Every structure is written in C-alpha cells, then in structure tokens.
1. Looking only at residues that are more than 13 Å from Q171 (Cα to Cα), aliphatic (A, V, I, L, M) and in a loop (DSSP other than H, G, I, E, B) in the range 105-158, which one is modelled with the lowest pLDDT?
2. Restricting attention to the range 49-85, report how many residues are under 16 Å from Y170 (Cβ atoms), touching a Ser or Thr at 6+ places or on another chain (Cβ under 7 Å) and buried (at least 20 other Cβ atoms within 10 Å of the Cβ).
3. Going through V30, V98, V34, V43 one at a time, which residue ends up being among the β-branched types (V, I, T) and open to solvent by less than 20 Å² (accessible area, probe 1.4 Å)?
4. Just to be sure before I move on: is G54 part of a strand (DSSP E or B) and closer than 15 Å to S160 by Cα in the structure I sent?
5. Looking at the range 144-167, which of its residues are polar (S, T, N, Q) and surrounded by fewer than 16 Cβ atoms within 10 Å (Cβ to Cβ)?
6. Please determine, by comparing only the residues of the range 168-186 that are outside any loop (DSSP other than H, G, I, E, B) and either touching an Asp or Glu at 6+ places or on another chain (Cβ under 6 Å) or at pLDDT below 90 (or both), which one is most open to solvent (accessible area, probe 1.4 Å).
Amino acid sequence: MILTRTIALLALLPSGLHAQAPTFGLEGQVSALVATGTLNRMVKTGNLAGYHAGLALRTGTSPGLGFRLYANLLSLRGVDGSGLESGTPHHLHAGLDVLKVSGKVTFFGGMGILKWKQDDTSSPTFTDAGGRNNAGKGTKLSGRLGLEYEISPKVHGVVSFTQTEFNKLYQPSWFSLGVSYRFASF
C-alpha cells in the first residue's frame, strides 16, 4: 500500500518542473495616513495623521498569487508631551504581504512589525508611571489589509487598513491612501 502511494507521488514529481518560474519586482509607495481609533488621540493633526514612504520587493509564485516584502518609514506628529512630536519619518514599518491578483485589482494582507521611536524625556501621555511596563517605544506587531488598482502597468492606486500595537492603552490604526510605482521586474 505504501509502495503504491509512493509510485503515484513520484509520477506527480515532474509536474512541478513545468511550473512558472518566480518573478521579482521592485516597487515604491507613498501614502497619506488617515487616523482611526486611538490614533486620533495620539496625534494633533486630526484625521490626516501623517504619511509613509517605502520600498518593497514583490514576487509572483504562480499566476494570480504572490508575496511582497516591504519596508516603510512612517511619519506621525504626536500631541505635545507624547514623545512623538517630531514629524520626521523615523518609525520603521516592515512586513510580509500575501497578494491575490484578480484582473486590475490586487488584494493583499499580511503581518509586520512597527518599530516605534518615542522620546523618553517627555512621554507621560502614553506611558504609565515610570513607563517600564507600558512604554510605547520598541518593536510591536502589526497587521494590514488592502487593495491596489492598476491605473497603468507601473502605477497603482493603493488603499489599506493597518492595526498595530503601541502600549496597553493605545492600539493605533489608520487607513492609507496612496500610490505605488513599479520600477522594474527581474
């Protein structure tokens, strides 16, 4: 019985040789962030909370399915006394998305990390007394879902929703509205 299964599986082995070779591409993305949930209490700019820009390596493993490894620099202007007042993009957001292409629309979702950089000298707003157990700075988990729409073969409009951790009290989330540009495929 085991020998029969083994022979049947061996017959399927060469079919993997006919599969499409993976393709790779480099893309850049810029998006505006629209705050939702507790992020509205963390930033002083209202709903338009900041922006992010970054690069991604995209791969297609089979027709209609792929992966994207991304790294973005995130800019938020926090409320006074939060330790996030600087609007310079210095929070790192990186992760892996699974992509499903359907015509001109690409659906994506994935997990990542967000490395918050919070100034220790003035952070009573977002931490407990002493900030030892409830600090916002550091590396936290994030998740995102979204879709891209092909405007041209190189330019895609992007809408996504991101939820991340900050500390025990704040779990910021935002919508990203932006554009993605595909530089090259190799």
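1. So, considering only residues that are more than 13 Å from Q171 (Cα to Cα), aliphatic (A, V, I, L, M) and in a loop (DSSP other than H, G, I, E, B), the one modelled with the lowest pLDDT is A129.
2. 3
3. V43
4. Yes, satisfied.
5. Matches in the range 144-167: S152 only.
6. S185
The values are calculated or read from the model by the stated rules, or taken from the named source; none is laboratory data. None of the values given here were measured: they were computed from a predicted structure. Every residue, glycine as well, gets a Cβ built from its backbone with ideal geometry; the counts of neighbours run over all protein chains shown. Side chains are part of the model used for accessible areas, which takes the heavy atoms of the whole protein and leaves out ligands, DNA and RNA. Shrake-Rupley method; radii C 1.70, N 1.55, O 1.52, S 1.80 Å.
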